[in-house]
Amino acid sequence: MNNQSNPSFDPQAADLAAAAWVIKCDRDLTAAEQDDFFQWLAADPRHGEALARQQRTWKKFNQLAQWRPEHSNEPNPDLLAKPARRHARWVLWPLLTAVAGIALVFLWEHPWTHLPATRHLPPAVTQIAAETYERRILEDGSVVELNAGSRIEVNFQPTERHVRLVQGEASFTVAKNHDRPFIVRAGGVDVRAVGTAFNVRLDARTVEVLVTEGKVRVDDAARGGSLLQPTVAGEMPLLVAGQKVTVEAAPIAPVAATPFSSAEASQVLAWKPLLLDFNSQPLGEVLAEFNRRNRTQLVLADPILANLPIVASFRSDNIEGFVRLLALTSGITAERRGETITLHAAR
């Protein structure tokens, strides 16, 4: 029930639930968890506020990831330092009281009917740039995953949710809200969704849209109207799960949707990190899996290492953690040169 005065609302319980959702979202939600998450957000607007607080705390702790033991014996204490106490409010209180008194006199002499209409400022635009893979939860509960080097601008309004893909590639898992459509603009193409999952890739010549769940509209951003060739007369053409479309940047013209296989989807979305679960797989195969999904490449200096069995679970983008595991468990040493890590057998 979306009621700020709901007496049964427990702030502490909301914060605990929000902290749990932040952790779950960081390791990716299952389909069932995603539905529960969206329902929890919709149950009370204060849930979103609690989530935002916990996300800020999570972001602060992520700063510790920049500390390495080889740099210093202890992390920078400023990373966890409490903010300095602020006394400015005591200095400003007399001034605010005086301003309030002046305002009351003004309103007494000038009734509300004489005041000019309030000007509504446009919502602030949030820019998100990803140097490496990045995953964000937006204020409505939608999830965006950015490929390395990608950039978006988020502009949520009361009736619509707007995201502009400035460069690169992004995947979206959209929180359902039929009264507030989710629109991604890439070049001259608008991808309009309500609750679905899709990938958008923008380059200098084309815009590619691939739908993995639900359905979306693909419209001409400048002139309006669908860019999809109709399949049934009189019906709005839609791009549905299992279909993709590639729109030329210039001139923009109607295009036909084409199906894609699961293998093709895996290849297109290989930049998204997955949890890789290895059960006695040879190291050579494990390295091939990491190399297929990362710019940094792992190379074996000693062929004898190729058959070393590996039992571990790692995110596909956690190359450094995997290399440290090899050093601890097998004595393998690593030599780094640019974007290549060469692995040597223990001497």
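The values are calculated or read from the model by the stated rules, or taken from the named source; none is laboratory data. The structure displayed is predicted, hence computed values, not measured ones. Glycine gets a Cβ as well: all are built from the backbone with ideal geometry, and neighbour counts include every protein chain shown.
Restricted to segment 320-346, and to residues there that are within 18 Å of LEU275 (Cα to Cα) and not charged (D, E, K, R), the residue that is farthest from the chain's Cα centre (by Cα) is LEU326. The selection criterion, being surrounded by 14 or more Cβ atoms within 10 Å (Cβ to Cβ) and out of contact with any Phe, Trp or Tyr (no Cβ under 9 Å at 6 or more places or on another chain), holds for VAL255. Restricting attention to segment 291-308, the residues that are under 26 Å from VAL200 (Cβ atoms), in contact (Cβ under 8 Å) with a residue 24 or more places away in the chain and assigned to a helix (DSSP H, G or I) add up to 1. If the condition is being within 31 Å of the chain's Cα centre (by Cα), at pLDDT 90 or above and of a type outside the set (A, V, I, L, M, F, W, C), then segment 290-319 contributes ASN291, THR296, GLN297. Of THR212, THR258, all but one fail to be assigned by TED's automatic domain parsing to the domain that holds ASP190 and within 23 Å of ALA148 (Cβ to Cβ); the exception is THR212. The number of residues in segment 309-332 that are charged (D, E, K, R) and part of a loop (DSSP other than H, G, I, E, B) comes to 1. In the set (1) of a type in the set (Asp, Glu); (2) within 20 Å of ARG135 (Cβ to Cβ); (3) in a strand (DSSP E or B), the condition left unmet by GLU335 is number (2). Going through (1) free of Cβ contacts under 8 Å to residues at least 60 places away in the same chain; (2) closer than 17 Å to LEU269 by Cα one by one, VAL286 falls short only on (2). A residue that is of a type in the set (Ser, Thr, Tyr) and either within 17 Å of VAL245 (Cα to Cα) or more than 15 Å from the chain's Cα centre (by Cα) (or both) occurs nowhere in segment 172-186.
Of the set (1) within 21 Å of the chain's Cα centre (by Cα); (2) at pLDDT 80 or above, all apply to PHE38 but (2). Do the conditions hold for ALA312, that is, is it under 20 Å from GLU335 (Cα atoms) and of a type in the set (Gly, Ala, Ser)? Judged against the criteria, ALA312 is not a match.
Per-residue answers, yes or no, for (1) in contact (Cβ under 8 Å) with a residue 12 or more places away in the chain; (2) not hydrophobic (A, V, I, L, M, F, W, C):
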{"site": "VAL245", "(1), (2)": "yes, no"}
{"site": "ALA249", "(1), (2)": "yes, no"}
{"site": "PRO259", "(1), (2)": "yes, yes"}
{"site": "LEU275", "(1), (2)": "yes, no"}
{"site": "ILE310", "(1), (2)": "yes, no"}
{"site": "PHE314", "(1), (2)": "yes, no"}
{"site": "ARG324", "(1), (2)": "no, yes"}
{"site": "GLY331", "(1), (2)": "yes, yes"}
{"site": "THR342", "(1), (2)": "yes, yes"}
